[in-house]
Amino acid sequence: MPKDAVRDAIKDILSVTRVELKTPVNNLEVLDVGCGAGSYCFGIEKYVRKVVGVEPYKTAYEQALVNKKRFGSKAVFVNKAIEDFRSREKFDLVLSLTTIEHMPHAKKSFKQIFSLLKKGGIIYLTAPNKWWPMENHYGLLFLSWLPLSIANFYVKLFGKGDSYLDSAYSKSYFGMRIFFDNFKCKYYFRLPDKNSNYIGIANKSLFYKTVKNFGISLIRILPTFWMFSKGFIMVIKKE
């Protein structure tokens, strides 16, 4: 993950917490769901009280431990699926950064996430849009639109892997709304800063910047255009 992308994401996350949470930033307890090799854990830990990263894939978890030693980090890492993670602690802030599309049992996963969140705590979530033509993970047109059996064949045909199963659970704009309406929470979709390197993972090409800025402007004028967004930032507050 590019350093400037992590930096800008953390900047936006902290700006949200200052508005939404009464707890001072330096007292926040943070849970990073699907933390991977720990990039965001290491990025945010210098601002907050405690960070716990939960990662189901052993290879990524082991890399997080290597990085922890390398950076002299105090972040705690756990090798479990979030629905199997238990803690007596409750968290002020949960990060779910491009993870929901990897969750085959998303309702069960988020039921556990909400149980780990303090009342009034927030989830900062990012996710790809199922209906964006270019699939984010495999770089194949219309991949996320296809039935899984055909998507699996498509992935194999282009030598991108053996299966699409790991990333096959992305949702549309309305799908995200319907999903979070199942929980006792309030949420909103957040427009990013046009200059943020997090959106697009630091893609600095003129074409991408032009498309991004145009899309943000359209959504600001008419929120219906969220349906056509490449992805979403959501702020979800537990009631």
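The values are calculated or read from the model by the stated rules, or taken from the named source; none is laboratory data. The shown structure was predicted, so the numbers you read here are calculated from the model rather than taken from an experiment. Reconstructed Cβ throughout: ideal geometry from the backbone, glycine too, with neighbour counts over all protein chains shown. These area figures cover heavy atoms from the full protein model, side chains too; ligands, DNA and RNA do not enter into them. Shrake-Rupley method; radii C 1.70, N 1.55, O 1.52, S 1.80 Å.
Let me check something: with ligands and nucleic acids excluded, how do THR126, THR98 order by accessible area (1.4 Å probe), largest to smallest?
Most to least solvent-accessible, the answer reads THR98, THR126.
Once Rh is set to the Kirkwood radius over Cα pairs, what Stokes-Einstein translational diffusion coefficient, in µm²/s, holds for the range 80-239 at a temperature of 10 °C and a viscosity of 1.306 mPa s?
94
What is the diffusion coefficient of the range 151-219 in µm²/s, taking the Kirkwood radius over Cα pairs and the Stokes-Einstein relation at 37 °C with a viscosity of 0.692 mPa s?
Result for D is 214 µm²/s.
Over the range 1-118, with every protein chain in place, what whole percent of the accessible area is carbon and sulfur at 1.4 Å, could you tell me?
Accessible surface attributable to carbon and sulfur in the range 1-118 totals 51 percent.
For the chain, what is the mean residue ellipticity at 222 nm derived from helices alone (per DSSP H run of n ≥ 4: -39500 (n - 2.57); sum divided by total residues; nearest 500 deg cm²/dmol)?
Roughly -10500 deg cm²/dmol at 222 nm, from the helical runs in the chain.
Net charge around ASP32, counting only other residues with Cβ within less than 12 Å of its Cβ (Lys, Arg = +1; Asp, Glu = -1)?
Taking every Cβ under 12 Å from that of ASP32, the sum is -2.
Can you give the accessible area of LEU222, probe radius 1.4 Å, in Å² rounded to 10?
Spelled out: LEU222, probe radius 1.4 Å, area about 80 Å².
Ranked from highest to lowest mean number of other Cβ atoms within 10 Å per residue, what is the order of the peptides 58-65, 4-11, 175-182, 41-48?
Sorting 58-65, 4-11, 175-182, 41-48 by mean packing, highest first, produces 41-48, 4-11, 58-65, 175-182.
Just the accessible area per residue of the chain, please: how many Å² with a 1.4 Å probe?
Per-residue accessible area for the chain comes out at 54 Å².
Under 5 Å between amide H atoms, partner at least 5 residues away or on a different chain: which partners does MET134 have, H built in plane at 1.01 Å?
PHE142
At a Förster distance of 22 Å, what's the computed FRET efficiency of ARG190 paired with TYR47, Cβ-Cβ distance as r, to 0.05?
0.70
For the pairs LYS22/LYS119; LYS46/LYS69; LYS130/LYS194, note any where the Cα-Cα span goes beyond 20 Å.
LYS130/LYS194
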